Amino acid sequence: MNPTDPAPEPPANAEPAAPPVRRCGLVAIVGRPNVGKSTLLNALVGQKISITSRKAQTTRHRITGIRTVEDGQGGGTQYVFVDTPGFQMRHGSALNRSLNRAVLGAIDGVDLVLFVVEAGNFNLQDAKVLSLLKPEVPALLVANKLDRVHRRAEIAPWLKGMQERHPFVEFVPMSAKSARDVQRLLTLCARHLPEQPWWYEADELTDRSERFLAGEVVREKLFRLTGDELPYTSTVTVERFDEEKSRAHGRMLRIAASIVVERESHKAMVIGQQGERLKRIGTEARQELERLMGGKVHLELWVKVRSGWADDEARVRSFGYE
């Protein structure tokens, strides 16, 4: 065939190729504190987006994580996951009211809800969060931490009891640490997302800025290295986030952040003997930020006392809470 010849006409009875199908939707991850929501989000996205620690109330913001699974034909599914703070039932502070507003805001207007509980457990806090779900929005019961259940035979009657509490569209006993379980959950989620164009580029992972993520990483190390000694009301604010070009490292980030506590005794606790604890917090945060952001990081940390900030609505907003 001569290259200048026109392309042959398709057969008259040939069916036109089906257009690629793209699905996209909002998926809220909700549950009481410490059921593994942030760990699940990171597993679903395939990269760390939300900080984790054993301290309750670690997550304080709506964190959006994006996972795009392409089918090789121009279609596929884009999941826009929203990790939420654990719903607060006790402390009626301005901070906790802000956290609860974040939960309620995340549930509103989503296409799907992942209601996360610990497999085999259901308590009053779980019931409170469950009562917030709207019956018209499909919800999956994610029975997380299945790897910690020793008597698997007890899960079946527990799941039956959960079915009576809410009309869940799927029941997913799983461990967020299992890649196979995470892939199964993604497949189940896709069935409930609408056909529509993707909202983000295929390689985007979150709508949060690097500046925001820097503060979250410092806060994670703070909580992990102080354990239960430090009240959960401590927070972190990023004062400076500057980027420079670097021949040696590609990019250079200069970050200054303040750890905000409520008492002088808490400040001493964070700094530690001869400054060792603060130094370790800074070192671990810097190392993780360098991996996360692909460059050299210079991190300066300060500790400030702001008494009663968690009960002050204006100050809570000034620290970036909704």
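The values are calculated or read from the model by the stated rules, or taken from the named source; none is laboratory data. Please read these numbers as outputs of a predicted model, since none were measured by experiment. Quick reminder, even Gly has a Cβ in these numbers, built from the backbone with ideal geometry, and neighbours come from all protein chains shown. Only protein heavy atoms, including side chains, enter the accessible area calculation; ligands, DNA and RNA are left aside. Shrake-Rupley method; radii C 1.70, N 1.55, O 1.52, S 1.80 Å.
Taking the Cβ-Cβ separation of R180 and T283 as r and a Förster radius of 41 Å, what is the calculated FRET efficiency to the nearest 0.05?
On the way: r = 35 Å, r/R0 = 0.85.
Step by step, r from the Cβ atoms, then E = 0.75.
Ranked from the most accessible area to the least, with a 1.4 Å probe and all protein chains present, what is the order of T187, T237, T283? Intermediate values should be presented prior to the final figure.
Values: T187 70, T237 25, T283 50 Å².
Output order, biggest surface exposure first: T187, T283, T237.
Compute the FRET efficiency between F241 and R165 as 1/(1 + (r/R0)^6), taking r as their Cβ-Cβ distance and R0 = 51 Å, and round to the nearest 0.05.
Details: r = 45 Å, r/R0 = 0.87.
It comes out at approximately 0.70.
Based only on Cα atoms, what mean projected area does the convex hull of the range 142-283 have, in nm²?
Details: hull surface 59.1 nm².
Reported value for the Cα convex hull: 14.8 nm².
Per-residue counts of other Cβ atoms within 10 Å, averaged by peptide: what ranking do you get for 267-273, 68-74, highest first? Show your work: numbers first, answer last.
Working: 267-273: 15.1, 68-74: 12.6.
Taking the mean over residues of other Cβ atoms within 10 Å, the ranking is 267-273, 68-74.
Going down the list K267/K296; K134/K221; K134/K304; K245/K267; K245/K279; K177/K267, which pairs span over 32 Å between their C-alpha atoms? If you can, show how the numbers build up before the last one.
Numbers: K267/K296 28 Å; K134/K221 36 Å; K134/K304 42 Å; K245/K267 35 Å; K245/K279 26 Å; K177/K267 35 Å.
Violating the 32 Å Cα-Cα cut-off are K134/K221; K134/K304; K245/K267; K177/K267.
How many nm is it between the label spots at K134 and L292, if each spot is 7 Å from the Cα in line with the beta carbon?
3.2 nm
Using 0.36 nm per residue, how much length does the chain from H150 to K304 gain when fully extended, once their Cα-Cα distance is taken away?
Values: separation 154, 0.36 × 154 = 55.44 nm, distance 4.50 nm.
Fully extending the segment from H150 to K304 adds 50.9 nm.
Roughly how many Å² of K145 are accessible to a 1.4 Å probe, to the nearest 10?
40 Å²
Can you compute 3J(HN,Hα) from phi for each residue in the range 69-83, using the Karplus curve 6.51 cos²θ - 1.76 cosθ + 1.60 with θ = phi - 60°, rounded to whole Hz and x for Gly and Pro?
In residue order, the calculated couplings are 10, 8, 9, x, 10, x, x, x, 10, 10, 9, 10, 8, 10, 7 Hz.
How high is the relative contact order of the range 138-209, given as a whole-number percent (alpha carbon pairs under 8 Å, six or more residues apart)?
Working: 45 pairs, mean separation 26.6, N = 72.
The normalised contact order for the range 138-209 reaches 37 percent.
As an exercise, find the ratio Rg/Rh for the range 113-183 from alpha-carbon atoms, using the Kirkwood inverse-distance average for Rh. Please report the intermediate quantities before stating the final value.
Numbers: Rg = 11.9 Å, Rh = 12.5 Å.
Ratio value, two decimals: 0.95.
Can you list residues from other chains, or at least 5 along the same chain, whose modelled amide H is less than 5 Å from the amide H of G36?
Excluding prolines and chain starts, which carry no amide H, there are no hits.
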